[in-house]
Every structure is written in C-alpha cells, then in structure tokens.
Amino acid sequence: MHTSREPILPWWAAGILLGLVMTLAVAVKKPLGVSTQFVVANGAILKEAASDYVDGHDMLKQAKYHTPGYGWWFDIGLFVAASATAVLVGKFKPRATCEWARANGSVRKRLILSFIGGFILLFGTRLAGGCTSGQFASGWAQLSLSVVPFTVAMFAFGMLAARIFFPKTPGVSEGA
Amino acid sequence: MLSQMQILALGVGGVFGMALIVAELADPDRIIGTLRLKDFHAMRTIAMFVLTSMVGVWVLSQVGLAHLSIKPAVMTPVAVGGSLLGFGFGMTGFCPGTGLACAAAGRGDAWISVAGMFLGALAFIVLWPFIVPQLSDVWNYGQTTLPEFTGSPSWWWVGGFVGLGGLVLFVTRPRRK
C-alpha cells in the first residue's frame with residue numbers, strides 16, 4: 001500500500017517486544033504509564049510557587065502528585081532512550097510536520113492542531129485515569145473492566161478526529 | 001547518586017522508549033494512518049502488543065510475581081476522558097508516551113504538543129475539585145477486572161483473546177508479493 005513504508009521490525013516482532021516491556025514493567029514495579037507525570041510536573045511547580053493551593057487540593061496534596069518518583073524517572077528514561085534509539089536507527093530528524101499533516105494543510109495548521117490536541121488529550125487522559133499506555137495497554141494486560149469503555153471511546157473519537165482533520169490521504173492519488 | 005528505584009525506573013522507561021521508536025508507534029503518520037484505516041502495520045503491532053502483555057502479565061500473576069495496578073472502573077470519567085483522549089489522539093497522531101518519544105526524535109510538532117499536554121494537565125488540576133469527586137460517586141464498579149466482574153476464570157479470557165486474536169492476525173496476515 002502506498003502509505004506503508006518498509007517498517008524497521010515486522011509487526012509481530014514489534015508487538016512482542018512491546019509486550020515483553022509491559023511484562024518486565026509489571027515484574028519490576030507496576031504496569032506502564034506515562035501521563036501522570038504531566039500532573040506531577042505541574043504539581044511540583046505549584047508546590048514551590050503556591051503551596052497553600054496544593055495543600056488545599058484533595059488530589060494534588062497527595063505526595064505522589066507533586067513529588068517526582070518512579071514514574072518521573074521512567075519518563076526521563078523513555079525520553080533519553082527514545083532519542084538515542086532514534087539516532088541509532090536513523091529516525092532522528094528535526095522536522096515540524098508529518099506526511100498526513102502536509103497533505104492536509106500548512107505547517108502552521110499542524111502546530112496549532114498539535115497544541116490544541118495535546119491539551120485535549122492530556123486533559124482526557126487524566127480524567128480517564130490513564131493514557132494509551134496506562135489505561136489501554138495496561139488495562140488489557142490486566143483485563144481490567146475499565147479498559148472496555150475506554151477502548152471503545154478512544155478509538156471511536158480517534159477515528160472521528162482523524163477523519164475530520166486528515167481527510168486527504170498522502171501519497172499517490174491526492175484528491176482522487 | 002541515583003537510588004535503586006531511579007535506576008530501575010530509568011531502565012524500564014528506557015526500554016519502553018526504545019521499543020516505541022523501533023516499533024514505530026512513535027510516528028504520527030503511522031498513528032493517523034491507523035485511525036484512518038489506511039495503515040495496518042501499527043494496528044497489528046498494537047494487537048500483538050496487547051496479546052503478548054496479556055499472556056506475560058497472566059503468567060506473572062500465576063507465579064505471584066506481578067505488581068498489578070487495576071484502574072477503578074468509574075464508567076463516566078473513563079468514557080468521557082477516553083473520548084477526549086481519542087479526539088486529541090486523532091487530531092495529532094500523538095499520545096502522552098509517543099508524544100514524548102517523538103519530541104525526543106526531533107519532531108517540533110511533538111514539542112508543541114507536549115507543551116499543550118502540560119497545560120492540559122494544569123487545566124485538569126484546576127478543574128479537578130469541580131468534576132472528579134462528583135463523577136466518582138456514580139456508576140463506579142471499583143478496581144475490578146473482567147474475570148471478577150463476570151465471575152469467570154481469568155484463563156478463559158486470556159485464552160479466548162489470544163486464541164481469537166491470534167487467529168485473526170494469522171488469517172489476515174500481510175503476504176509478500
């Protein structure tokens with residue numbers, strides 16, 4: 001198909017690798033999860049800048065939401081290793097857009113949508129109690145009940161938004 | 001010096017970051033292509049990820065080595081939050097983990113998106129007292145799993161998903177031309 005470039009790993013190897021990482025994470029400490037640290041980063045700053053607010057906030061006053069811990073170092077490891085790996089496999093490249101975005105608008109539009117989308121998705125993630133790692137992948141790994149409504153909602157709205165914002169397929173027959 | 005906890009966290013986070021790049025989930029074109037049903041590589045990767053995790057975590061829990069953390073099934077915030085997450089996911093091709101990994105791979109749009117995520121977290125903190133405690137009291141099944149909820153053994157679920165999922169992945173596998 002025109003959209004699929006030659007992948008680094010076959011799909012089954014890539015999936016098994018990720019599944020083994022999940023298994024390792026559960027063996028070591030807890031299931032994979034990324035998004036809580038966005039709250040922790042804000043919480044740590046607020047703790048310095050406005051500790052009265054933090055102390056009066058029933059979520060934020062809990063130490064795990066304003067003190068960097070395991071999850072914080074996990075995200076740092078993720079970032080550093082992703083960067084090093086991208087360099088090693090030739091995927092590191094400074095750029096401001098992607099093929100789907102280029103086929104559907106300007107770089108400026110891409111950056112505005114990226115910002116708004118990031119805002120919406122992190123807000124939603126915390127409301128749902130986890131992201132694609134912490135709710136979706138970890139949820140299926142543990143067969144949690146919460147993963148069922150989460151998965152349906154996430155993919156339904158993900159497909160809807162992708163259709164709204166990226167109607168044109170990049171590559172060969174553009175506009176066809 | 002780093003503590004043992006920090007080293008462990010850096011290590012597990014590190015292998016995840018590495019895997020997100022080589023599995024190409026940290027790639028907005030793959031994600032948008034998947035949500036537009038045009039690119040089946042990432043979808044198959046995600047399915048294989050889920051099935052492998054299910055088996056791995058099930059084995060760990062059978063031998064008593066699993067550190068589980070079941071999220072409470074609070075249906076309203078999970079469904080509403082999942083919808084918002086999905087919408088942002090389809091708008092950008094990023095999620096929190098792949099957004100960080102994409103930023104690390106030099107993508108400026110991912111840096112902008114991560115900045116949006118940071119502000120989204122702040123908005124969540126500010127609005128939390130007005131929404132979350134209220135929503136948590138209704139339609140909440142607690143930290144339950146599908147086997148507990150249905151009163152069935154966990155191996156039925158794992159076996160069923162792996163059997164059915166494996167069959168679908170096998171039958172629909174891409175063939176070399």
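Tabulated data
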{"item": "Cα-derived Rg over Rh, computed across the stretch A:73-176 with Rh taken as Kirkwood radius", "result": "1.02"}
{"item": "Relative contact order for chain B, counting Cα pairs under 8 Å that sit 6 or more residues apart, in percent", "result": "28 percent"}
{"item": "Cα centroid separation - the stretch A:39-94 against the stretch B:4-44, whole Å", "result": "19 Å"}
{"item": "For residues of A:38-49, the mean tally of beta carbons on other chains within 10 Å", "result": "3"}
{"item": "Lysines with Cα under 23 Å of B:K38, excluding same-chain neighbours fewer than 8 positions away", "result": "A:K91, A:K109, A:K168, B:K177"}
{"item": "Burial ranking of peptide ranges B:109-115, A:44-50 (average Cβ count within 10 Å, highest at the top)", "result": "B:109-115, A:44-50"}
{"item": "Debye equation applied to the C-alpha atoms of chain A, log10 I(q)/I(0) at 0.11 Å⁻¹", "result": "-0.66"}
{"item": "Three-way shape call for chain B based on the alpha-carbon gyration tensor, with the a/c threshold at 1.5", "result": "rounded"}
{"item": "Estimated [θ] at 222 nm from DSSP helical runs (n ≥ 4, -39500 (n - 2.57)) normalised by residues in the protein assembly as shown, nearest 500", "result": "-21500 deg cm²/dmol"}
{"item": "Whole-number percent relative contact order across the stretch A:12-170, with pairs defined as alpha carbons under 8 Å at least 6 apart", "result": "26 percent"}
{"item": "The protein assembly as shown, dipole about Cα centre (Lys/Arg Cβ +1, Asp/Glu Cβ -1), debye to the nearest 20", "result": "1080 debye"}
{"item": "Alpha-carbon radius of gyration plus Dmax, which is the widest Cα pair, for the protein assembly as shown in Å", "result": "19.3, 65"}
{"item": "Top of A:G71, A:G105, A:G90 by mean-square fluctuation, Gaussian network on chain A, Cα under 10 Å", "result": "A:G90"}
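Read-outs: derived from the displayed coordinates by stated rules, not from any lab. This one's a predicted model, so the numbers in the text were calculated from it and none came from an experiment. Cβ coordinates were reconstructed from backbone atoms using ideal geometry, including for glycine residues, and neighbour counts include every protein chain displayed.
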